[in-house]
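A.B. asks: Quick one: this structure, given as structure tokens, is what I'll be asking you about.
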Amino acid sequence: MINKFFRLKEKNTSIKKEVIGGITTFLTMAYIIFLHPNMLAETGMDKQALITVTCLASFAGTLIVALLANVPFAMAPGLGLNSFFTYSIVLGMGIAWPVALGVVFVSGILFLLLTILGFREKLADAIPESLKLAVPAGIGLLIAFIGFQNMGLVIRGENTFLKLGMLTGTVLISLCGLLLIVFFEFRKIRGSILLGILFIVAVAMVLGNIQPPGIYLSAPPSIQPIAFQLDIGQALSLSLAGVIFSFLYVDLFDSIGTIIGCAYEADMIDKKGKIPKLKRILSADAIATLLGSLLGTSTVTTYVESASGIAAGARTGFASMITAFLFLLALFFAPVIGIVPAYATAPALVIVGFYMFKNIININFNSLKEGIPVFLTILLMPFTSSISTGLAFGFLSHVVLEILSGNYRKISPVLWLIALLSGANLVIDLFR
């Protein structure tokens, strides 16, 4: 039944590969269970309730995309969007968190309407082929950079933005795990990324860097303090129109960028350069955001860590189902998940970043008109820690260079709109 529903044979995969891929994706993004509640708790929201809501929202979003689109993608509350929610809206603008949740709900309704009307799909199709290839490369650099930071290999410098970290025991363990994953990949051993993560956890435990959990099971906290507390009426006030637009833009292009990047990694791009099930994926993304806002969390979106599961062999929604139910189990096994440190999953992000970056070989850097937008897109994603910002500069520079070269008639109406939206969002960012 599983083979038939998820079409495993058609996708040249197996139950074993999908299970390994699903577990790998979960392990590389399980940090969100702890990081997200810590951040949103600064707004005054109940931290314990946020832990439960984070797991439930991740479970629901990932399960929806698995069943609706049959793709190996996972969803959870977005990192860039939760920081915008916390520091820009609630703490920065002094807006109460129930109103901020109302903003998330309204943006989710707009996402869904734009998806049903086919607008989000047209946006993705309008992206030039060179920029589509740049997206996974830029995301690859971004997640590899996150991986090096989580290792402790790259840290903030006193007189420079970044510098090499100390070769501590945990850094060395993490580097050994990375080498082991590369060796397994070279030998074509399935589940290499998952094996590497487990190796690091085992070594760290033997050396005493990780302590076994005091308890293995715990009852999930109640969501009552934050669930269904959103204030939609206040969110619809004219003064918050700019905030809603910012949420709309960032999630719009963060999700499209992530989906394109992961789709290339999973060989889901057809001969025309399109993603066949894009509309279903985007619909799942919008529905997950709506459910998340009702439960009491910021925007739920597709995660770039999905690429780690894809690299481990995942090709269908069955892997996403595994990831989804692991998030559900995490409600009861949070103490066990908590012992897996960031430096254990960091090598997975680095190796996946490498695989995603290889797409640049198909980009024509001999053409300045093609190369400059690609260059800006790829570099600004890790430099700004934002997929949407990298894309914004890529879109704008592409349109500007087309105008300067006299080819402005070749710019589609949709691309003109994308450039306008990109410019507006960058201006809002400057004055935020």
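A.B. asks: For the stretch 10-19, check the following and say yes or no: at least one residue is on the phi < 0 side of the Ramachandran plot and of a type in the set (S, T, N, Q).
C.D. replies: Yes, there is a match, as at least one residue in the stretch 10-19 is on the phi < 0 side of the Ramachandran plot and of a type in the set (S, T, N, Q).
A.B. asks: In this structure, is Phe111 touching a residue at least 40 places away in the same chain (Cβ under 8 Å), more than 23 Å from Ser308 (Cβ to Cβ) and buried (at least 24 other Cβ atoms within 10 Å of the Cβ)?
C.D. replies: When the stated conditions are applied, Phe111 passes them.
Let's see how each residue does on (1) within 22 Å of Ile339 (Cα to Cα); (2) modelled with pLDDT of 95 or more; (3) out of contact with any Lys or Arg (no Cβ under 6 Å at 6 or more places or on another chain); (4) surrounded by fewer than 21 Cβ atoms within 10 Å (Cβ to Cβ):
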position	(1), (2), (3), (4)
Lys4	no, no, yes, yes
Ser14	no, no, yes, yes
Thr25	yes, no, yes, no
Glu42	no, no, yes, yes
Gln48	yes, no, yes, yes
Leu63	no, yes, yes, no
Ala66	no, yes, yes, no
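Table: residues versus (1) more than 21 Å from Thr62 (Cα to Cα); (2) of a type in the set (Val, Ile, Thr).
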{"site": "Asn82", "(1), (2)": "no, no"}
{"site": "Ile95", "(1), (2)": "yes, yes"}
{"site": "Ala100", "(1), (2)": "yes, no"}
{"site": "Gly118", "(1), (2)": "yes, no"}
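A.B. asks: Scan the stretch 122-136 and tell me whether some residue there is exposed (fewer than 15 other Cβ atoms within 10 Å of the Cβ) and either assigned to a helix (DSSP H, G or I) or among the aliphatic types (A, V, I, L, M) (or both).
C.D. replies: Yes, because at least one residue in the stretch 122-136 is exposed (fewer than 15 other Cβ atoms within 10 Å of the Cβ) and either assigned to a helix (DSSP H, G or I) or among the aliphatic types (A, V, I, L, M) (or both).
A.B. asks: If you don't mind, there's one more thing I want to ask. Can you name every one of the helices (runs of 4 or more DSSP H) wholly within the stretch 166-251 that holds 3 or more residues which are crowded, with 18+ Cβ neighbours inside 10 Å?
C.D. replies: Here the list reads 169-186, 192-206.
A.B. asks: Go through Gly394, Gly309, Gly353, Gly390 for me and flag whichever is over 26 Å from Ile33 (Cβ atoms), under 16 Å from the mean Cα position of the chain (by Cα), assigned to a helix (DSSP H, G or I) and not β-branched (Val, Ile, Thr).
C.D. replies: The unique qualifying residue is Gly390.
A.B. asks: Tally up the residues in the stretch 257-302 that are in contact with a Gly (Cβ under 8 Å, 6 or more places away or on another chain) and not in a helix (DSSP H, G or I), please.
C.D. replies: Here the count works out to 4.
A.B. asks: Could I ask something else about it? State whether one or more residues within the stretch 65-84 are more than 21 Å from Ala263 (Cβ to Cβ) and without any contact (Cβ under 8 Å) to a residue 60 or more places away in the chain.
C.D. replies: yes
A.B. asks: Among the residues of the stretch 41-53, are any acidic (Asp, Glu) and outside any loop (DSSP other than H, G, I, E, B)?
C.D. replies: Yes - at least one qualifying residue is present in the stretch 41-53.
A.B. asks: Still on this structure, I have one more. Which of the following residues is in the same structural domain as Phe105 (by TED's automatic domain parsing), of a type in the set (Val, Ile, Thr) and within 28 Å of Asn425 (Cβ to Cβ): Ile244, Ile215, Ile223?
C.D. replies: None of the others qualify; the one that does is Ile244.
A.B. asks: Between residues in the stretch 397-426 that are in the same structural domain as Leu379 (by TED's automatic domain parsing) and residues that are aromatic (Phe, Trp, Tyr) and part of a helix (DSSP H, G or I), which pairs lie under 7 Å by C-beta distance while being six or more apart or on different chains?
C.D. replies: That search, which allows pairs on different chains as well, returns Glu402/Tyr408; Ile418/Phe395; Ala419/Phe395; Leu421/Tyr249; Ser422/Phe395; Asn425/Tyr249.
A.B. asks: Kindly provide the set of residues from the stretch 98-121 that are aliphatic (A, V, I, L, M) and either at pLDDT below 90 or outside any helix (DSSP H, G or I) (or both), ordered by number.
C.D. replies: Scanning the stretch 98-121 gives Leu114, Leu117.
A.B. asks: Hey, another quick one. Quick one: is Phe365 hydrophobic (A, V, I, L, M, F, W, C) and either under 29 Å from Ile189 (Cα atoms) or in a helix (DSSP H, G or I) (or both)?
C.D. replies: no
A.B. asks: Does the stretch 312-334 contain any residue that is free of Cβ contacts under 8 Å to residues at least 24 places away in the same chain and either surrounded by fewer than 23 Cβ atoms within 10 Å (Cβ to Cβ) or within 14 Å of the chain's Cα centre (by Cα) (or both)?
C.D. replies: For the stretch 312-334, residues free of Cβ contacts under 8 Å to residues at least 24 places away in the same chain and either surrounded by fewer than 23 Cβ atoms within 10 Å (Cβ to Cβ) or within 14 Å of the chain's Cα centre (by Cα) (or both): present.
The values are calculated or read from the model by the stated rules, or taken from the named source; none is laboratory data. Computed from a predicted structure; not experimentally measured. Neighbour counts are summed over all protein chains in view; Cβ atoms, including those assigned to glycine, are modelled from backbone coordinates with ideal geometry.
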